[in-house]
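The structure under discussion appears below in the form of structure tokens.
The values are calculated or read from the model by the stated rules, or taken from the named source; none is laboratory data. For clarity, every value in this text was computed on a predicted model and none was experimentally measured. Methodologically, a virtual Cβ is constructed for each residue, glycine included, from the backbone with ideal geometry; neighbour enumeration extends over all protein chains shown. Surface areas here come from the heavy atoms of the whole protein model, side chains and all, with no ligands, DNA or RNA. Shrake-Rupley method; radii C 1.70, N 1.55, O 1.52, S 1.80 Å.
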Amino acid sequence: MTSSPFWSPVVGGLVPYVPGEQPKLANLTKLNTNENPYPPSPKVVAAIQAAAEQGLQLYPDPESVALRGAIARQYGLQPDQVFVANSSDEVLAHAFFALFQQAAPLVLPDVTYSFYQVYCGLYGIPMHVVPLADGLRVDVETLVGPAGSEIAGVVVANPNAPTGIGLPLAQIERLLQMHPQHAVLVDEAYVDFGGESAVGLIARYPNLLVTQTLSKSRSLAGLRVGLACGQRPLIEALERVKNSFNSYPLGRLAQAGALAAFEDQAYFAQTCAAVVHSREGLALQLEDMGFEVLPSQANFVFARHPQRDAAELAAELRKRAVLVRHFKQARIAQYLRISVGTPAQCDSLLQALAQILG
Ligand SMILES: *Cc1c(COP(=O)(O)O)cnc(C)c1O
């Protein structure tokens with residue numbers, strides 16, 4: 001359906017985000033949505049169970065004080081420099097509304113997390129889309145507005161998605177210095193797999209907002225918790241939007257689980273290291289099969305085979321019960337994004353590819 005007399009006028013024009021498939025079938029090797037292949041820490045599960053047994057009839061803490069305190073301690077910030085919400089997608093939505101809903105355009109790369117353009121559509125934010133440089137790299141010097149005109153701000157993912165390529169911290173700092181009068185949003189959804197976090201720059205840059213998620217590196221995609229860090233005026237803007245939208249974005253189970261996840265740093269470090277180790281092995285083996293693999297600092301690799309069509313490869317893999325992500329988008333249509341699985345899942349993928357490639 002493309003319209004109905006019951007719809008608000010804006011709804012027919014929305015272009016919603018299309019998430020990767022969440023199949024109902026069991027026994028698939030699911031490497032299409034960048035979930036962590038390892039379950040969350042047992043301490044997280046125990047904390048959620050304990051929370052389920054006490055007080056679910058009551059609303060949760062609307063300010064998530066305990067969780068924000070734990071995140072602040074972890075990152076050397078004040079609790080009031082931390083914002084949390086029901087997924088980093090929701091954090092991003094609030095940030096776009098709070099910071100970028102202006103007459104001047106938001107600057108963003110052409111190949112990046114596709115939800116950014118969806119939020120711009122939702123909120124009527126004009127965009128200035130900048131092509132990635134050679135090698136599908138972000139060149140921060142190009143992240144500027146049209147010559148001589150104002151901008152609303154800049155958004156980058158670091159490491160970028162779906163390329164996996166990370167920017168050194170000096171480049172993020174350069175970007176912040178290029179735009180002292182504008183908010184720069186750095187989406188660090190994948191930073192824990194080997195990227196350099198900009199959280200340490202917050203004290204010196206009032207224009208910096210960093211977002212992160214517990215969905216990837218903390219194995220909690222099913223719990224839906226995301227966060228933002230920044231100086232107080234940016235965080236207050238997010239709080240004003242959140243409290244005009246949903247005062248209780250995180251339920252009791254989510255707050256308890258997320259808190260326990262931030263308290264179990266040993267488990268987090270161990271599972272991140274295992275993913276990084278598998279990623280390096282996977283990249284080498286894909287290269288042995290003739291793939292070109294971009295250098296990844298994330299929990300996925302972005303690869304293309306010079307002789308084989310990517311959409312066909314994805315379809316052939318699916319027939320063999322292996323799911324990977326393919327984007328029908330200019331410039332990246334010949335790439336596959338493959339989430340890093342357990343060693344056994346990586347083996348299933350490589351065996352299926354060996355069969356397909358013959
Ligand atoms: C996965 C992802 C998110 C969203 O994370 P959620 O907290 O699960 O909503 C945000 N940004 C990027 C770049 C991502 O890949």
Q.
Cβ-Cβ distance below 7 Å, separation of 6 or more or different chains: which pairs start in region 89-100 with a residue that is under 17 Å from A161 (Cβ atoms) and touching a residue at least 40 places away in the same chain (Cβ under 8 Å) and end on one that is open to solvent by 30 Å² or more (accessible area, probe 1.4 Å) and within 12 Å of the ligand (Cβ to nearest atom)?
A. D89/F115; L92/F115
(Q) Please verify whether V184 is among the hydrophobic types (A, V, I, L, M, F, W, C), open to solvent by 50 Å² or more (accessible area, probe 1.4 Å) and farther than 23 Å from G20 by Cα, treating the condition exactly as stated. (A) no
Q: Tally the residues that are more than 20 Å from F193 (Cβ to Cβ), surrounded by fewer than 18 Cβ atoms within 10 Å (Cβ to Cβ) and of a type in the set (G, A, S), restricting the search to region 338-358.
A: 2
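With region 239-332 as the region, which helices (runs of 4 or more DSSP H) entirely inside it contain at least 2 residues that are free of Cβ contacts under 8 Å to residues at least 40 places away in the same chain and more than 30 Å from A66 (Cβ to Cβ)? Can you show your working first?
Working: elements: 252-263, 265-288, 310-319.
Output list reads 265-288, 310-319.
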Q | Candidates P306, P343, filtered to the one that is over 30 Å from A269 (Cα atoms) and assigned by TED's automatic domain parsing to the domain that holds E280 | A | P306
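Of the residues L167, L136, which single one is within 16 Å of the ligand (Cβ to nearest atom), of a type in the set (A, V, I, L, M, F, W, C) and under 28 Å from R224 (Cα atoms)? Working first, answer last.
Values: L136 fails: under 28 Å from R224 (Cα atoms).
None of the other options fit; the residue is L167.
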Q: Scan region 241-282 residue by residue and report those that are in contact with a Pro (Cβ under 7 Å, 6 or more places away or on another chain), over 18 Å from L214 (Cβ atoms) and crowded, with 17+ Cβ neighbours inside 10 Å.
A: S278
**Q.** Where a residue in region 119-148 is among the polar types (S, T, N, Q) and its partner, wherever it lies, is open to solvent by 40 Å² or more (accessible area, probe 1.4 Å) and in a loop (DSSP other than H, G, I, E, B), with Cβ under 9 Å and at least six apart
**A.** T142/P131
Q | Residue check for V301: of a type outside the set (K, R), surrounded by 22 or more Cβ atoms within 10 Å (Cβ to Cβ) and farther than 28 Å from T342 by Cα | A | no
Q | Residue tally, condition crowded, with 19+ Cβ neighbours inside 10 Å and over 16 Å from F100 (Cβ atoms), over region 216-234 | A | 12
(Q) I'm trying to understand the selection: among the residues of region 99-126, which are away from the ligand (no atom under 16 Å from the Cβ) and surrounded by fewer than 22 Cβ atoms within 10 Å (Cβ to Cβ)? (A) Q101, Q102, A103, A104, P105, G121, Y123, G124, P126
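If a residue has to be among the hydroxyl-bearing types (S, T, Y) and within 13 Å of the ligand (Cβ to nearest atom) to count, how many in region 72-98 make the cut? Give the steps one after another, and end with the answer.
Of all residues in region 72-98, those among the hydroxyl-bearing types (S, T, Y) come to 75, 87-88.
Keeping just the survivors that are within 13 Å of the ligand (Cβ to nearest atom) gives 87-88.
Number satisfying all stated conditions: 2.
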